[in-house]
Amino acid sequence: MAMALRAASRVLLRAGSRLGRREAVDGARRFANKRVLVETEGAAGATRIAVMKFRNPPVNSLSLDFLTEFVISLEKLENDKSIRGVILTSDSLKRGNQTKVAATEKTEEKRATRDHGGRLQERPGIFSAGLDLLEMYGRNPAHYAEYWKAVQELWLRLYLSSLTLMSAINGASPAGGCLLAITCDYRIMADNPKYTIGLNESLLGIVAPFWLKDNYVNTIGHRAAERALQLGTLFPPAEALKVGVVDEVVPEDQVHSKTLSVMAKWLAIPDHSRQLTKTMMRKATADNLIKQREADIQNFASFISRDSIQKSLHMYLEKLKHKKG
Ligand SMILES: CC/C=C\C/C=C\C/C=C\CC/C=C/CC(=O)SCCNC(=O)CCNC(=O)[C@H](O)C(C)(C)COP(=O)(O)OP(=O)(O)OC[C@H]1O[C@@H](n2cnc3c(N)ncnc32)[C@H](O)[C@@H]1OP(=O)(O)O
């Protein structure tokens, strides 16, 4: 398994250097590729934590490029011995240096936030819209296979990470967005009823993969997962807390500070015992995928290529496009 992960990571690193964009380097304290910004907090030489901010406009969907860049960034953090904790969050807060694009049409309004250079900015209120539907629609089986391998890789890396991972959920978090959150050791969600979280695959006419289902069952229990998966339930914060999809709900402006303070408590536990415990709890679930990765890829590629599934995705995409039109 370690060898397989190292080999996959070499491939990703090569892809990363081809993608090649390291926009900002400030010692070890801040690095970024195009879609993931990583900031570290804490004094040099001491234990530090990192904040990984998603910035893949407009909705932080998990495109192939995003997945590649994410895994490269995570690996860098895993290799940095001074980093013990990582917070996943969206870089979707409004920045000062922005202007509203004059918008009369509804479709314009939807994407009205641009910076002064006219570049599209991440809109606030979205943690991640989940897997990129355009990677799963209208492509060929080889592309589906490549994409699914990257999705598996992301999940395995996060689920088995030796770091303490926390998600600061500052927006909507459907499907793959929920995947990011439930791989973490702890989840804190902003108390905004507009934000929802859950595995809504069934509403799209698709099915969550077995390993994500297992992750969900491990998080909220079998009965709750069985019901939520069939109904494709997206829980608002209070319900997400009640069912256990998230561990805490706090006012929106306190999500970051609260996550930092919970992280401090987790980091007070010795790493070796916490890590061994985490592995003990998670290894069997991860091994289930590891032993059949290739079969899972083939399953996905043939499932998603079906005419009926492509039709469902087409209808869902159309619905998204016209929902406010
Ligand atoms: C038996 C089984 C056998 C085998 C099975 C094997 C494997 C399993 C098979 C399949 C599993 C596949 C798993 C998939 C998991 C996923 O993650 S699927 C994605 C689920 N995501 C969603 O449903 C979210 C959809 N989006 C939204 O609900 C809203 O966009 C959101 C609340 C995030 C934001 O709303 P709003 O601010 O109003 O923005 P818009 O809706 O206007 O969206 C802006 C533009 O972004 C586009 N977009 C939205 N989401 C996605 C996405 N996930 N991927 C790509 N693009 C997305 C949207 O269309 C708008 O585009 P436009 O401006 O119109 O061009």
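Structure data summary
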| item | result |
| --- | --- |
| Matching helices (runs of 4 or more DSSP H) fully within the range 259-325 where at least 1 residues are more than 16 Å from the ligand (Cβ to nearest atom) and over 30 Å from PRO141 (Cα atoms) | 271-290 |
| Every residue from the range 206-218 that is surrounded by fewer than 16 Cβ atoms within 10 Å (Cβ to Cβ) and either more than 6 Å from the ligand (Cβ to nearest atom) or over 17 Å from SER302 (Cα atoms) (or both) | PHE210 |
| Cβ-Cβ under 7 Å pairs, at least 6 apart or on other chains, the range 167-180 side under 18 Å from LEU74 (Cα atoms), far side open to solvent by 10 Å² or more (accessible area, probe 1.4 Å) and near the ligand (Cβ under 7 Å from one of its atoms) | GLY176/LEU131; GLY177/ALA129 |
| Which listed residue, of LEU158, LEU179, is under 27 Å from GLU226 (Cβ atoms), within 14 Å of the ligand (Cβ to nearest atom), among the aliphatic types (A, V, I, L, M) and open to solvent by less than 20 Å² (accessible area, probe 1.4 Å) | LEU179 |
| Any chance GLY198 is open to solvent by less than 30 Å² (accessible area, probe 1.4 Å) and either of a type in the set (S, T, N, Q) or on the phi > 0 side of the Ramachandran plot (or both) | yes |
| Selection count where residues are in contact with a Leu (Cβ under 7 Å, 6 or more places away or on another chain) and within 13 Å of LEU203 (Cα to Cα), scope the range 289-325 | 4 |
| Yes/no for ASN192 being more than 10 Å from the ligand (Cβ to nearest atom) and not hydroxyl-bearing (Ser, Thr, Tyr) | yes |
| Subset of the range 143-189 (residues that are over 12 Å from the mean Cα position of the chain (by Cα) and aromatic (Phe, Trp, Tyr)) | TYR144, TYR147, TRP148, TYR186 |
| Among (1) open to solvent by less than 60 Å² (accessible area, probe 1.4 Å); (2) in a helix (DSSP H, G or I), the one test that THR233 misses | (2) |
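Residue by residue, here is whether (1) within 16 Å of the ligand (Cβ to nearest atom); (2) out of contact with any helix residue (DSSP H, G or I) (no Cβ under 8 Å at 6 or more places or on another chain); (3) modelled with pLDDT of 95 or more; (4) open to solvent by less than 40 Å² (accessible area, probe 1.4 Å) holds:
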residue	(1), (2), (3), (4)
LEU62	yes, no, yes, yes
ALA103	yes, no, no, yes
HIS116	no, yes, no, no
MET136	yes, no, yes, yes
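The values are calculated or read from the model by the stated rules, or taken from the named source; none is laboratory data. No experiment lies behind these values; they were computed from the predicted model shown. Cβ coordinates were reconstructed from backbone atoms using ideal geometry, including for glycine residues, and neighbour counts include every protein chain displayed. In case anyone asks, the SASA skips ligands and DNA or RNA and just uses the protein heavy atoms, side chains included. Shrake-Rupley method; radii C 1.70, N 1.55, O 1.52, S 1.80 Å.
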